[in-house]
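Asker: The structure's right below; bear with me while I get my questions together.
The values are calculated or read from the model by the stated rules, or taken from the named source; none is laboratory data. Since this is a predicted model, take the numbers as computed values, not measurements. Note that each Cβ is placed from the backbone with ideal geometry, even for glycine, and that neighbours are counted across all protein chains shown. The accessibility values were calculated without ligands, DNA or RNA, using every heavy atom of the protein model including side chains. Shrake-Rupley method; radii C 1.70, N 1.55, O 1.52, S 1.80 Å.
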Amino acid sequence: QDPDYEREYIDRWYELRRGPLSDANMGAIIDRQAAEITPGLAAAQGAGSWSDRLREMKENLRDRAAWLDSQFFTPPEIRESDGLVTLSDPSGIRGTIFYTMDGSDPRDPGTNTASTNAVQYTSTFPLVQTGTIRARVQDGSTWSALDERFYIVGNPASSNNLVVSELMYHPAGLDPQHEYIEVENRSGEAIDLTNVRFT
């Protein structure tokens with residue numbers, strides 16, 4: 001009965017649907033597990049029509065996930081092409097789409113209104129900076145689930161353009177504060193270091 005909790009719950013469902021609980025991923029998990037059980041082994045254990053059972057399991061999972069999807073107000077879709085972002089409402093409700101580009105929620109928790117950082121979507125807009133776009137659809141006092149996408153603007157760092165070029169470890173006669181790792185941009189142009197880290 002808490003609208004903020006309900007919104008978090010629905011947001012989490014769609015977050016999982018975009019990854020671990022996507023139809024493709026659920027099917028792949030079944031295929032990986034089924035590969036360990038040969039049809040002969042399945043028959044020996046009394047599991048006749050093994051391939052039919054696997055197909056039915058996949059269908060049941062897809063149907064169940066689709067039913068859960070239908071119980072909630074689906075999130076908008078965020079698409080990017082050639083540096084331009086388009087938002088759309090696949091639910092067909094034709095509500096108002098709000099988005100943020102600073103990673104904050106377009107819905108102001110607790111008030112059921114658009115946050116002060118939210119922008120009403122009217123048309124395609126350009127990506128101007130690296131960051132997370134978050135979007136929701138508002139229909140009266142009801143908000144859709146959240147969709148979010150992280151984008152890097154410019155030239156992202158990769159093993160093709162960023163290398164460890166020098167390493168100073170345990171320098172003789174100096175204390176450890178003189179240790180360092182040097183990285184070098186080999187691309188000849190600026191690169192974006194977002195999400196680059198030593199692990």
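Asker: Out of the residues in the range 89-102 that are out of contact with any Phe, Trp or Tyr (no Cβ under 8 Å at 6 or more places or on another chain) and open to solvent by less than 30 Å² (accessible area, probe 1.4 Å), which is nearest to Ala66 (Cα to Cα)?
Answerer: Only one residue tops the list, namely Gly95.
Asker: Look through Asp31, Asp102, Asp52 and report the one residue that is under 19 Å from the mean Cα position of the chain (by Cα) and of a type in the set (Asp, Glu). Steps first, please.
Answerer: Values: Asp31 fails: under 19 Å from the mean Cα position of the chain (by Cα); Asp52 fails: under 19 Å from the mean Cα position of the chain (by Cα).
Asp102 is the lone residue from the list that is under 19 Å from the mean Cα position of the chain (by Cα) and of a type in the set (Asp, Glu).
Asker: Can you tell me which of Asp52, Asp31, Asp63 is loosely packed, with under 12 Cβ neighbours inside 10 Å and at pLDDT below 90?
Answerer: Of the residues listed, the single one that is loosely packed, with under 12 Cβ neighbours inside 10 Å and at pLDDT below 90 is Asp52.
Asker: I'd like the full set of residues that are surrounded by 12 or more Cβ atoms within 10 Å (Cβ to Cβ), assigned to a loop (DSSP other than H, G, I, E, B) and without any contact (Cβ under 8 Å) to a residue 24 or more places away in the chain, limited to the range 172-199.
Answerer: Pass one, the range 172-199, residues surrounded by 12 or more Cβ atoms within 10 Å (Cβ to Cβ): 179, 183, 185, 187, 191-194, 196.
Next cut, assigned to a loop (DSSP other than H, G, I, E, B) only: 179, 187, 191, 193-194, 196.
Matches in the range 172-199: Glu179 only.
Asker: Would you check which residues across the range 120-153 are at pLDDT below 90, assigned to a loop (DSSP other than H, G, I, E, B) and closer than 14 Å to Glu80 by Cα and list them?
Answerer: Result: Leu127, Val128, Gln129, Thr130, Ile152, Val153.
Asker: If you scan the range 66-76, which residues turn out to be surrounded by 15 or more Cβ atoms within 10 Å (Cβ to Cβ) and out of contact with any helix residue (DSSP H, G or I) (no Cβ under 6 Å at 6 or more places or on another chain)? Walk me through it before giving the result.
Answerer: If we filter the range 66-76 for residues that are surrounded by 15 or more Cβ atoms within 10 Å (Cβ to Cβ), which is where we start, we get 72-76.
Result: Phe73, Thr74, Pro76.
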